[in-house]
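Remarks on the structure that follows.
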Amino acid sequence: MRLPLLRVAATLLAAAAACAQAAEPATPEGLVVAAKRAAGQDYAGTFIRICVAPDNLNAGGPRPAPTLATRVVPDRATWYAQPYKVFDNLYFVGTQIHSSWALTTSSGLILIDTLFDYAIEPEIVEGLTKLKLDPRTIKYVLLSHAHGDHDQGTALLQSRYGAKVVMGAADWDSTLKRDSTYPGGVPKRDVAVGAEGTKITLGDTTVTVVPTPGHTPGTLSFIFPVKDGGRTLTVAYSGGTAFNFPRVAENFAIYRDSAKRMGEAAGAAGATVLMTNHTEFDRAWDRARLAQLPRAAGEKHPYETDAATVKRYFEMQGLCAESQRLSMN
Ligand SMILES: [Zn+2]
């Protein structure tokens with residue numbers, strides 16, 4: 001009887017040791033190492049922005065809201081980018097720094113993010129026209145979040161073309177409090193997306209809107225189909241990235257949970273393309289230009305990866321946020 005008992009004891013001890021190992025508390029440093037592994041070279045830009053001090057510190061605190069009088073319009077050569085057809089049904093009309101995308105459907109255009117106001121005419125209005133798309137057919141404007149680099153073109157597209165504006169409910173609240181001197185003006189309240197999310201369908205195309213609060217309280221992320229030579233791929237568009245929100249532990253927990261939610265949604269949808277709204281995070285400007293070049297037989301589209309690679313983006317985001325949250329305790 002002794003031997004089996006010893007064996008049982010040994011098994012229990014081994015199980016206890018394994019448990020202790022699994023329960024070893026995560027450290028901020030350990031999470032950064034795990035995030036770096038998840039990022040790899042695919043997402044080095046985002047990793048450096050949110051996981052590597054001091055870029056992940058909000059040293060300046062909240063910035064005052066810009067006005068038409070105080071804003072600075074940078075030299076055009078530092079931001080202007082040509083417009084590009086990137087997929088059969090997706091067109092880049094962003095700058096060298098910020099993305100704006102036009103998704104074509106059987107019933108008009110869905111525009112995602114609207115840049116700083118100085119870029120709206122040259123990039124979006126003239127860009128669409130150069131691409132033989134008609135800005136008057138913009139039916140929806142989807143806003144990832146209410147920060148000036150992504151939303152200043154919104155009021156113009158709403159008032160000039162009658163586009164419906166889709167924004168997270170909390171970001172509508174902050175938008176509507178803006179002074180009328182806000183660059184680009186203030187859009188009128190339109191489609192407000194709550195915590196349950198929604199789907200936007202235009203003609204033959206549906207965009208799944210996933211609320212991912214964190215970067216702002218109303219940040220939205222999107223899942224939608226694109227076609228590459230007739231083959232359908234699914235895009236996971238991450239709507240908010242930097243940690244420039246009030247630095248309290250709760251906000252990092254909200255951000256972490258949103259990364260998990262979007263990672264799961266992207267996985268369930270079978271997304272193999274990861275997009276964000278700053279070109280430093282997904283190399284949109286590079287990829288848009290690479291997409292213009294001929295490809296060898298069997299060569300993938302420059303944006304196409306695989307489900308595991310897309311998943312790693314959201315894992316990295318969650319790990320960086322959790323690292324920050326832990327470092328505050
Ligand atoms: Zn932002």
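See the values below:
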read-out: Complete set of residues in the range 209-219 that are free of Cβ contacts under 8 Å to residues at least 60 places away in the same chain and either within 12 Å of the chain's Cα centre (by Cα) or open to solvent by less than 10 Å² (accessible area, probe 1.4 Å) (or both); value: Val210, Pro211, Thr212, Pro213
read-out: Qualifying positions in the range 173-189 - within 16 Å of the ligand (Cβ to nearest atom) and out of contact with any Pro (no Cβ under 9 Å at 6 or more places or on another chain); value: Arg178, Gly184
read-out: Contacts under 6 angstrom Cβ, first residue in the range 146-174 being farther than 18 Å from Thr129 by Cα, partner within 14 Å of the ligand (Cβ to nearest atom) and among the charged types (D, E, K, R), 6 or more apart; value: Ala146/Asp171; His150/Asp113
read-out: The range 162-177, residues that are of a type outside the set (Val, Ile, Thr) and not in a strand (DSSP E or B); value: Gly162, Ala163, Ala169, Ala170, Asp171, Trp172, Asp173, Ser174, Leu176, Lys177
read-out: So Ala163, is it crowded, with 22+ Cβ neighbours inside 10 Å, within 14 Å of the ligand (Cβ to nearest atom) and within 23 Å of the chain's Cα centre (by Cα); value: no
read-out: Residues satisfying the stated conditions in the range 124-155, i.e. away from the ligand (no atom under 16 Å from the Cβ), out of contact with any Leu (no Cβ under 9 Å at 6 or more places or on another chain) and closer than 27 Å to Phe245 by Cβ; value: Ala155
read-out: Elements of type strands (runs of 3 or more DSSP E) in the range 220-329, at least 3 residues being surrounded by 18 or more Cβ atoms within 10 Å (Cβ to Cβ), over 15 Å from the mean Cα position of the chain (by Cα) and in contact (Cβ under 8 Å) with a residue 12 or more places away in the chain; value: 220-228
read-out: Residues of the range 91-140 satisfying the condition of being buried (at least 22 other Cβ atoms within 10 Å of the Cβ) and acidic (Asp, Glu); value: Asp113, Asp117, Glu123
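Listed here are the residues, each with its yes/no results for (1) among the acidic types (Asp, Glu); (2) within 16 Å of the ligand (Cβ to nearest atom).
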{"site": "Gly263", "(1), (2)": "no, no"}
{"site": "Met275", "(1), (2)": "no, yes"}
{"site": "Glu280", "(1), (2)": "yes, yes"}
{"site": "Pro302", "(1), (2)": "no, no"}
{"site": "Val310", "(1), (2)": "no, no"}
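The values are calculated or read from the model by the stated rules, or taken from the named source; none is laboratory data. Keep in mind that this is a model prediction, so the values were computed, not measured. With ideal geometry, Cβ positions are generated from the backbone for all residues, glycine too; neighbour counts draw on all protein chains shown. Remember, those area values only see protein heavy atoms, side chains included, never the ligands or the DNA or RNA. Shrake-Rupley method; radii C 1.70, N 1.55, O 1.52, S 1.80 Å.
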